[in-house]
Amino acid sequence: MKKIIFTFLMFSLFALCGVQAQTGSTVISPVGKWKFEAPAAPEGYNTGNIIISLAESKYSSAVSMTGSDYVIPGDKTKVENGTVSFVLLLDGTEIAINLKTESNTKMTGTALGPDGEIPLTLTKELTQK
């Protein structure tokens, strides 16, 4: 009888540990090239790429619009608690970009400028190996 109780308790302990391990939060890295869409943004600014990089323990960001080879560097890039934020100087106007990681391949957020908030959807471009 003691053997059965001991086995049951051990099984319960392992099951509990497994549930806790599965519900633990995992850190999703935003580093990479992300295709963005902003349907409410003006034409020419509504699609492109956002690149998040990490070098020497410091994050950086850059944005390019579809149809342009020009890359606009982001300023004050911060990555913490599943969010990414940076400031973009676009045509002389500061635009605050705030993003939240939804999964390894999706982020959502907003671009906040003088005309208000514009929703953003980002999809990570997977690298070919």
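With +1 on each Lys and Arg Cβ and -1 on each Asp and Glu Cβ, and nothing else charged, work out how big the dipole of region 32-124 is about its Cα centre, in Debye to the nearest 20.
Details: 8 positive and 11 negative charges, 88 e Å.
Here region 32-124 has a charge dipole of around 420 debye.
Arranged by the count of other C-beta atoms within 10 angstrom, fewest first, what order do E125, E80 take? Before the final figure, lay out each step's value.
Details: E125 13, E80 8.
Placing the least packed residue first, the sequence is E80, E125.
Cα-based Rg (one decimal) and Dmax (whole number) for region 32-124, in Å?
Considering region 32-124 through its Cα atoms, Rg and Dmax are 12.2, 36 Å.
Give me a comma-separated list of calculated 3J(HN,Hα) values for region 100-110, in order, Karplus coefficients 6.51, -1.76, 1.60 applied at θ = phi - 60°, integers in Hz, x for any Gly or Pro.
10, 6, 9, 7, 5, 10, 9, 10, 10, x, 9
Name the long-range amide H neighbours of E125: under 5 Å, sequence gap of 5 or more, or other chain; modelled H, no Pro or chain starts.
K33, W34, K35
Can you return the aspartates and glutamates within cross-link range of K35? Criterion is Cα-Cα under 12 Å, with same-chain partners fewer than 8 residues away left out.
Within reach: E125.
Show me the chymotrypsin sites (Phe, Trp or Tyr not before Pro) within region 27-70 that DSSP assigns to loop and that have at most 15 other Cβ atoms within 10 Å of their Cβ.
Y70
Readers should treat all values here as calculations from the given coordinates under stated rules, not as data from a laboratory. Model, not experiment: these values are computed from the prediction. Positions of Cβ are generated from backbone atoms using ideal geometry, with glycine treated the same way; all protein chains shown enter the neighbour counts.
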